[in-house]
Every structure is written in structure tokens, then in C-alpha cells.
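Single-structure report; data block below.
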Amino acid sequence: MAVRVELVQTGTELLTGARLNLHAQWLSERLTSMGYEVVRQTVVADAAGAICEAVAGALGRVRLVVVTGGLGPTSDDRTREEIAQLLGRRLVEDTQVLRRLEAFYAARNRVMPERARVQALVPEGAVVLENRWGTAPGLALEVSPEVRAGLGEGKGPVRAEGTGWLVLLPGPTREMRPMFEERVVPLLAKVLPVEEEWASVVLRTVGLPESVVEARVTAVLEGGGGSGVEVGYCAHAGEVDVRLVARGPGARERVGRAEHRVRLELGQAVYGAGEVTLEAVVLEMLRARAETVAVAESCTGGCVAHRLTNVPGASASFVAGWVTYSNESKVRGLGVTPAALAAHGAVSAEVAKQMAEGARRMAGSTHGLAITGIAGPTGGSAEKPVGTVFLAYAGPGGTEVERRFHPIDRVSFKEVTATYALDLLRRALLRGAGTD
């Protein structure tokens, strides 16, 4: 049987909507990829008793509970104290944690506030998870079957077989994620390993609607090809992820067969698997060919350049980017002709073509990519309604332009359009477009 997991996120700001809860998605995906079964996610306020109630119920049901947030030095950081109270453990000052705190502030030429010292308090018996990215350490606590049996909601039988583990991690994303990878993953492999055979793969697709992906995957896995394999879908910003999961004897073989069939059916729409991103795939294709790209963006405001430069090593292949929002900047920065703007308008196939060619020419790159469109909510016309966008690719073999229509909110429009622009470049590279 799989190790069941519950997640508890603390923070009143998550409940009020002041901050988006990204931890649940990331941790669920990461734990699932490791073979654990996430069965519940709970968000609680920074209020006395709320954390105790949520964690007690979770520990009574599952063997692994991961809590994020509430480990900092401020008055609303209650996780440390509430967990100690729940488990009946004293809080003691850890001298090693205190030294690391003092060193952290000294390295920045700052005096450590007295309140920061609270972060060195550790429940008795806890494993300290060092935090190289911030001040508050993480904590891991083993919880006996007897203690687990005494917890829960008091509603029906309590599932308390076996020793449980409670993992506490800081709330900031820049701290939580690397701490999970470096501290929690090795710990879980030792104290709560996944013992049953399991397999999972996530195929990343682009350019096909979720309904189309589901219909094609369902058809190809019928008749035994997907027997014993769970299939899930997740759509986002022009992409659809297909998750294939199997547990028990022969899990790897079953997932392998299903993956092979899905890849054959979806073809080039599958751009990768696992944690890979579309921008990382495009940059790796360019790097392998020793080729470069420059981009010119109008309505996306630099979104393509932003995504490319999020990838380590992007400078090897991404050489330049322009955000030419006005007509004048298109003329001066990229060499778009005033005649093309006058005859066709800024949002047109001709202007997109000249932008891509201008970016390639000005940067001296192998490839050029351009975007011009109407993000809205105003500015459209009967001929070019809000959501209209032109994407252009320029390379040694010539230039091609695509017209697309994304009548969605402004932020989503930018992200989806950037995705399709990157895919336009990917498809050109797959065709072999490049240096003559």
C-alpha cells in the first residue's frame, strides 16, 4: 500500500487571497513523482489552535504530514509552538541553530534582532533540517503509533498503523523548495520509503486542446494498452500534461507501454517529460546545433525573453530581445517600414514578419521570433478583434507567420501567446530549419 500524505499550509494570507498558494501544487506533484499518495490538502489561518487541529487530524489518518509556514520570528509564526504543544514536547534552544542564525546576520553586517532567536527553539527529539537559504530551520518529528492513535478528529476509526512523520518547512518558496529537495527527500528515503513497486511519467504536450488530448489518449489506450494505468490531465497556458501512473507488480512495464502508445499517437505535440519546460527544450535544441535566437515582442511585453532567461545557461543561445510596444520603436529598433505599418497596421502578418527578420538581422542570430497582437480588453476591431495575435519565425530558410486568436484575460493572453511563439520556434527546429 502506498504511503499516504497530507499537506497543511499555514497562513491567513492564503485564506484571504492575499497570496497564491503554490506550495500545495508543487509539493503534491513532487511527492507523487516519488511514489507517495497525497490524499488531502488543508489551509489554516495563523490562529491559536488552528494548526494543532489540522495536524492532529492529519496525523491520525496518514503516516506523513508536511506543514509549510509559521516558522519565522514574528508573532503570527505559531507552527513551532503549536506542534510542540500538540505532541507534548518541550521547546529547547538548539545551540547549532543559534550559531547559524548569528552567522547569517553577521555575514550581512546586521545585528540579529532578539526576536529572531525564537527560530532556534526546537521541540525535543526533532531532527533539524538546515536552511541554507534563510533563517528558520525546518524540523522533522517522528510520531509513534500510540501518539497517532490518540490524535484525529474523533469521528470513526483512526488509521494509525505504523510510525508517522511530521515535517515542518518554512513558508517562503525560495527556502521551502530547495530544503525539500536537499533535506526532506533523503530523510524520507531512510525513514518512510516507498516499498511497493510504482511508476509514473508526465508527458508535456503543447498546441492541442485538453479535450483533444484526452480523446486521443483514451482511444489509443483502450483495448488493453492502458490496462492498470491511471491517466490524468492538467491544462495550462497552451499546454496539457498527461500523467500516467501505475502501482503494484509490473508497474514500470505497464507505464512504459502506455507512454510508448501515447507518444506515437500525439507525435510532435509531446515536447518532453517530467519537470522539463518548453523554453528549456527549445534552448537545448539550439545549444545542440550551436545556433542562436533573438526575439521581438510587442503585446507580450517581454514574456518570451523572461521565460528563456529563467533557464540556466540561456546566454549560450539567446542573444537579444526587444520590447517594441510603440510603432516608432518598431521602426527605430527593428527596421519595420512605416509603409507596412500604414498599410497593414501594427497587428498584422507583414509587421510580424518584418519584426522577426529585423530581430534576426540586428542581433546577428540564426533565428528570429516575433509577436504582435491585441491583448485587450480594448483596441480591437471587427477585422482584428481583441485576442488577435500574429507570430512570426525568421530563419535561414525564410520567414513564416501564424495568426492566432486568444480571447482571454490580458495576463493569460501573454502567457499563452508566449507558449505558442516558443512552439513555433521548436517546430521550425524540428523541421531542420537552421544554418545552410
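What are the residues in the stretch 293-315 that are β-branched (Val, Ile, Thr) and buried (at least 20 other Cβ atoms within 10 Å of the Cβ), if any? Across the stretch 293-315, the qualifying residues are VAL293, VAL295, THR300, VAL304.
This table checks each residue for (1) modelled with pLDDT under 95; (2) open to solvent by 10 Å² or more (accessible area, probe 1.4 Å).
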{"position": "MET355", "(1), (2)": "no, no"}
{"position": "ARG361", "(1), (2)": "no, yes"}
{"position": "THR366", "(1), (2)": "no, yes"}
{"position": "LEU369", "(1), (2)": "no, no"}
{"position": "ALA382", "(1), (2)": "yes, yes"}
{"position": "GLY397", "(1), (2)": "yes, yes"}
{"position": "ALA418", "(1), (2)": "no, no"}
{"position": "ASP436", "(1), (2)": "yes, yes"}
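Confirm whether GLU6 is open to solvent by 30 Å² or more (accessible area, probe 1.4 Å) and either on the phi > 0 side of the Ramachandran plot or not basic (Lys, Arg) (or both). So GLU6 fails the test. Any residue that is free of Cβ contacts under 8 Å to residues at least 12 places away in the same chain, within 27 Å of GLY272 (Cα to Cα) and among the charged types (D, E, K, R) - is there at least one of those in the stretch 412-433? Scanning the stretch 412-433 turns up at least one residue that is free of Cβ contacts under 8 Å to residues at least 12 places away in the same chain, within 27 Å of GLY272 (Cα to Cα) and among the charged types (D, E, K, R). For the stretch 280-306, the set of residues classified as under 15 Å from ALA418 (Cβ atoms) and part of a loop (DSSP other than H, G, I, E, B) consists of SER298, CYS299, THR300, GLY301, GLY302, listed by residue number.
Against the test of being touching a helix residue (DSSP H, G or I) at 6+ places or on another chain (Cβ under 8 Å), buried (at least 22 other Cβ atoms within 10 Å of the Cβ) and β-branched (Val, Ile, Thr), the options THR74, THR68, THR42 yield a single qualifying residue, THR68.
A quick yes/no check of all residues on (1) modelled with pLDDT of 95 or more; (2) closer than 30 Å to ARG261 by Cβ; (3) in contact with an Asp or Glu (Cβ under 9 Å, 6 or more places away or on another chain); (4) open to solvent by 60 Å² or more (accessible area, probe 1.4 Å):
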{"residue": "LEU139", "(1), (2), (3), (4)": "yes, no, no, no"}
{"residue": "ARG148", "(1), (2), (3), (4)": "no, no, yes, no"}
{"residue": "ALA160", "(1), (2), (3), (4)": "no, no, yes, no"}
{"residue": "ARG183", "(1), (2), (3), (4)": "yes, no, yes, no"}
{"residue": "GLU196", "(1), (2), (3), (4)": "no, yes, no, no"}
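Restricted to the stretch 30-39, and to residues that are without any contact (Cβ under 8 Å) to a residue 40 or more places away in the chain and surrounded by 16 or more Cβ atoms within 10 Å (Cβ to Cβ), which residue is farthest from ARG252 (Cα to Cα)? This residue is VAL38.
For the stretch 166-180, a tally of residues being in a helix (DSSP H, G or I) and either within 18 Å of LEU141 (Cα to Cα) or in contact with an Asp or Glu (Cβ under 7 Å, 6 or more places away or on another chain) (or both) returns 3. Condition first: closer than 25 Å to HIS406 by Cα, surrounded by 14 or more Cβ atoms within 10 Å (Cβ to Cβ) and among the polar types (S, T, N, Q). Can you find one or more residues in the stretch 279-292 that meet it? No, there is no match, as no residue in the stretch 279-292 is closer than 25 Å to HIS406 by Cα, surrounded by 14 or more Cβ atoms within 10 Å (Cβ to Cβ) and among the polar types (S, T, N, Q). The residues listed here are ALA258, ALA219; of these, the one that is in a helix (DSSP H, G or I) and either touching a strand residue (DSSP E or B) at 6+ places or on another chain (Cβ under 6 Å) or among the basic types (Lys, Arg) (or both) is ALA258. Residues in the stretch 242-276 that are modelled with pLDDT of 95 or more, in contact with a Phe, Trp or Tyr (Cβ under 9 Å, 6 or more places away or on another chain) and not aliphatic (A, V, I, L, M): none.
The values are calculated or read from the model by the stated rules, or taken from the named source; none is laboratory data. Owing to the predicted nature of the structure, the values given are computational and were not obtained by experimental measurement. Reconstructed Cβ throughout: ideal geometry from the backbone, glycine too, with neighbour counts over all protein chains shown. Protein only, heavy atoms only, side chains kept; ligands, DNA and RNA dropped before computing areas. Shrake-Rupley method; radii C 1.70, N 1.55, O 1.52, S 1.80 Å.
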